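Notes to accompany the following structure.
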Amino acid sequence: MVFQKSGLIYPQPPLKRRQGCELWQQGLLLVIAGLILLPLLIVFLTSFWVPGPIPARLVPERWSWESYRQAWFQGDFLRAFANSTFVAIAVTFSQAVTATLAGYALARLNFQGKKAVLLVILATLVIPFQILVIPIFLVLKWGHLINTYGALILPTAANGFGIFLMRQYFLTIPVQLEEAAALDGANRLQILWWVLLPLARPALVTLFLFTFIGEWNDLFKPLVFTTRPELKTVQLSLAAFQEQFTNNWPLMMAAVVIATLPVVLLFLAGQRQFIQGVATTGMKN
């Protein structure tokens, strides 16, 4: 049996051999998935032990929610969830706006220095945020933004990755759609809002997930730019469970599950759009 591809004819492997290869691939993927999920399973099971020392075994002898109750109140997670959610949504919305406008300009508009601007944006991706922390801190101090929500939002309000992501996705959309909308009398902003953004939903979901999860897991900005307990985020609350000499492992693992569960559910809700957005970006230069 043969099959044709690109004008060439290749012999097709026998059915049993193909099925055997698929079984080996599926088995290998299951083993890799098990190795990845094993630490998560250990964290989950450990969180159901009664707070205090635990014996050298995986499954709890007596399942208990006490670690979760104690971790929730001790870490003040209600306030931390509110702060982290507000900061993550504000940064995500800001990056979505800036990335969409800048990405559209770099994908469709012709202006002098366009390639240079794109190279500068790409160059920012290789600069660690920690290198810029001193000038950012001085600017925030000059603007009286230290110990405010602005210190947690403004330093990452725009991001080169988001701009490049949206530019690459806009390049995959046919120009003829925009030309047809222009013939109907639509201006550039109307074309962007009514034509391109609905088609760019996978890229926007991808940007939303990357940005929201990144801000939710960020410990550096709250640790450097804030000292007020009222601005405590989830990661600061989680870091408070780490003690110098001893650790209450059930309590700490319960806090880890509480802090991780929202972003896991968010990713599972948007994984299909996320995969489509990642797969379709970068198809054009």
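Some points to look at:
- Answer from Glu215, Glu178 - the residue that is among the acidic types (Asp, Glu) and closer than 30 Å to Leu138 by Cα: Glu215
- Scanning region 185-232 for residues that are among the polar types (S, T, N, Q) and without any contact (Cβ under 8 Å) to a residue 40 or more places away in the chain gives Asn187, Gln190.
- Some residue of region 132-149 being among the aliphatic types (A, V, I, L, M), assigned to a helix (DSSP H, G or I), in contact with an Asp or Glu (Cβ under 9 Å, 6 or more places away or on another chain) and surrounded by 18 or more Cβ atoms within 10 Å (Cβ to Cβ): no
- Cβ-Cβ contacts under 6 Å between residues 6 or more apart (or on different chains), taken from a first residue in region 153-170 that is among the aromatic types (Phe, Trp, Tyr) to a second residue that is in a loop (DSSP other than H, G, I, E, B), are listed as Tyr169/Ala200; Tyr169/Thr281.
- One residue from Ala105, Ala71 being over 22 Å from the mean Cα position of the chain (by Cα), closer than 23 Å to Arg188 by Cα and assigned to a helix (DSSP H, G or I): Ala105
- When restricted to residues that are touching a residue at least 40 places away in the same chain (Cβ under 8 Å) and surrounded by fewer than 17 Cβ atoms within 10 Å (Cβ to Cβ), region 249-267 contains 2.
- Enumeration of residues in region 222-248 that are over 13 Å from Asn83 (Cα atoms) and either crowded, with 19+ Cβ neighbours inside 10 Å or of a type in the set (Phe, Trp, Tyr) (or both): Phe225, Leu238, Phe241, Phe245, Asn248
- Tabulated pairs, region 116-133, first of a type in the set (S, T, N, Q), second assigned to a helix (DSSP H, G or I) and surrounded by 10 or more Cβ atoms within 10 Å (Cβ to Cβ), C-beta under 9 angstrom, 6+ apart or interchain: Thr124/Gly160; Thr124/Phe161; Gln130/Phe220
- Per the conditions (1) of a type outside the set (Phe, Trp, Tyr); (2) within 20 Å of the chain's Cα centre (by Cα); (3) at pLDDT below 95, the sole criterion not satisfied by Lys114 is (2).
- At least 2 residues being among the hydroxyl-bearing types (Ser, Thr, Tyr) and within 27 Å of Gln271 (Cβ to Cβ) is the threshold, and among the helices (runs of 4 or more DSSP H) wholly inside region 178-238 those reaching it are 201-216.
- When Ala80, Ala96, Ala102, Ala88 are checked against the criterion of being over 28 Å from Val234 (Cβ atoms), surrounded by 17 or more Cβ atoms within 10 Å (Cβ to Cβ), among the small types (Gly, Ala, Ser) and modelled with pLDDT of 90 or more, Ala102 stands alone in meeting it.
- Of all the residues in region 165-217, those that are aromatic (Phe, Trp, Tyr) and surrounded by fewer than 17 Cβ atoms within 10 Å (Cβ to Cβ) number 2.
The values are calculated or read from the model by the stated rules, or taken from the named source; none is laboratory data. None of these values were measured; they are calculated from a predicted model. So basically every Cβ, Gly included, is an ideal-geometry build from the backbone, and we count neighbours across all protein chains shown.
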